[in-house]
Amino acid sequence: MMFARSSVRTLTQARQFSSSSARQTKVTVLGAGGGIGQPLSLLLKLDPHVKQLNLYDIRGAPGVAADVGHIDTGSEVQGFAADKLDDALEGVDVVICPAGVPRKPGMSRDDLFATNASVLRDLATAVARVSPKAIFLIITNPVNSVVPIASRVFEKAGVYDPKRIFGVSALDVVRATRFVAALTGKDPKDTPITVVGGHSGETIVPLFSQSPAAKTITGEAYKNLVHRVQFGGDEVVQAKAGAGSATLSMAYAGAKFANALFRGLAGEKGVIIPSYVKSPLYASQGVEFFASPIELGPNGVEKIHPVGQITEQEQELLKVALEGLKKNIQKGYAFVQ
Ligand SMILES: NC(=O)c1ccc[n+]([C@@H]2O[C@H](COP(=O)([O-])OP(=O)(O)OC[C@H]3O[C@@H](n4cnc5c(N)ncnc54)[C@H](O)[C@@H]3O)[C@@H](O)[C@H]2O)c1
Ligand SMILES: O=C(O)C[C@H](O)C(=O)O
């Protein structure tokens, strides 16, 4: 499976991998029966790094596994029924979690907290117990709050390694890149956009000034573009009219992020993609988790890159984002006290 690598910023040329180092990663998808889980499982089945694919859900995962398992790539696929969570997590390197309820029109991501906080707490408890060394990628919303929940669960279990827990904000990068391409006519693979902050509304901060293609967009067009990236999720929720939120573009973004992670785990250097992680960048302002460009490596987070040079407009956006993030993070932490 080929992802446009230039939208994952690489510092060095991609290396060629021998087949033995390529297919080496064991992956579990939690929520594999859902709107994201099914196409994500399909894309992971196509990823040449994946050796074993375990599909778990409280409903339907064995059926999805039987279906995806017929695809003629080298990985093995196994489905796990609701009472087999521990078995699904045993011995895996990476756990990807799109489990939990999605939004309906009129809801904010924060409205999902009431249901998804406990889903995440319980799944994180199982991951911390059965596969504490696995890299945990969290797609479930509200990402800004549930990543702190999972982190606190790991801390309480005495197995927390902040390098190994990620909130997947890759869809914001995918959207920003696509929307700029639509305005400029340039190929998206040549115009990657960095997006920092968090993953909801005004906590999403696209840094168009850092892109040669996008920095020429100014005035109303700039404002509209920022709004579209910050509220792109709402566009999909409204268009689906009660049938859920983004699933296919999210599966693509999740598989793309996972592919970057697999390459980092396999030793490829210079694989950098924005993600929401435990971060020192704004911790002194009470914002312990923040999405910025993350270099991926054999242990997960290799290096957290700063936001870099930004315009006054972007500084304003960042200020608002930090205020929102602080509240979202506190809400997550308070849930696990
Ligand atoms: N991070 C992002 O950018 C992003 C993008 C889109 C959606 N999301 C979020 O992803 C989540 C899933 O969205 P969806 O559209 O796939 O929803 P969905 O309802 O289609 O699927 C969710 C799946 O999770 C399963 N599930 C629920 N509780 C579970 C548990 N305890 N253990 C295992 N599986 C469980 C359900 O059975 C279902 O199959 C939502 O919270 C949504 O807001 C995040
Ligand atoms: O908008 C949502 O609720 C789903 C997701 O976070 C998105 O950005 O599409």
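A few remarks follow.
- Three-way shape label, the stretch 57-108, alpha-carbon gyration tensor, a/c 1.5: prolate
- Proximity of backbone amide H atoms, modeled 1.01 Å from N, is registered between Val196 and Val205, Leu207 at under 5 Å, excluding neighbours fewer than 5 places apart on the same chain.
- Entries of Lys240/Lys327; Lys156/Lys326; Lys133/Lys278 with Cα pairs more than 27 Å apart: Lys240/Lys327
- Global geometry of the stretch 117-213, whether rounded, prolate or oblate, following the gyration tensor of its Cα atoms and the 1.5 cut on a/c: prolate
- Take every Cα pair under 8 Å whose residues are at least 6 apart in sequence, average their separation, divide by the length of the chain, and the relative contact order is 19 percent.
- Taking the stretch 221-337 and dividing mean pair separation by its residue count, relative contact order in percent (alpha carbons under 8 Å, at least six apart): 17
- Bridge type composition, the chain - antiparallel percent by DSSP, nearest 5: 50
- Normalised by the number of residues in the stretch 25-167, the mean separation of alpha-carbon contacts (under 8 Å, six or more apart) gives a relative contact order of 21 percent.
- Positive contributions from Lys and Arg (+1) and negative ones from Asp and Glu (-1), summed over other residues with Cβ under 11 Å from the Cβ of Val205, come out at -3.
- Long hydrophobic helices in the chain, taken as whole DSSP H segments with a C-alpha length of 30 Å or more on their own axis and mean Kyte-Doolittle hydropathy at least -1.0: 312-336.
- The convex hull around the C-alpha trace of the chain, projected and averaged over every direction, spans 15.9 square nanometres.
- Beta bridge orientation in the stretch 25-167: antiparallel %, DSSP, nearest 5: 0
- Peptides 223-233, 174-184, 36-46 ordered by packing proxy, namely the average of other Cβ atoms within 10 Å per residue, highest first: 36-46, 174-184, 223-233.
- A cut-off of 5 Å between modelled amide H atoms, ignoring neighbours fewer than 5 places along the same chain, links Phe289 with Ser279.
- Oblate is the label for the stretch 25-167, because the ratio a/c of its alpha-carbon gyration tensor axes (a ≥ b ≥ c) is 1.5 or higher and a/b is not greater than b/c.
- What the Cα atoms of the stretch 210-337 give is an Rg and a Dmax of 16.9, 47 Å.
Readers should treat all values here as calculations from the given coordinates under stated rules, not as data from a laboratory. Please read these numbers as outputs of a predicted model, since none were measured by experiment. Cβ: placed from backbone, ideal geometry, glycine included. Neighbour counts: every protein chain shown.
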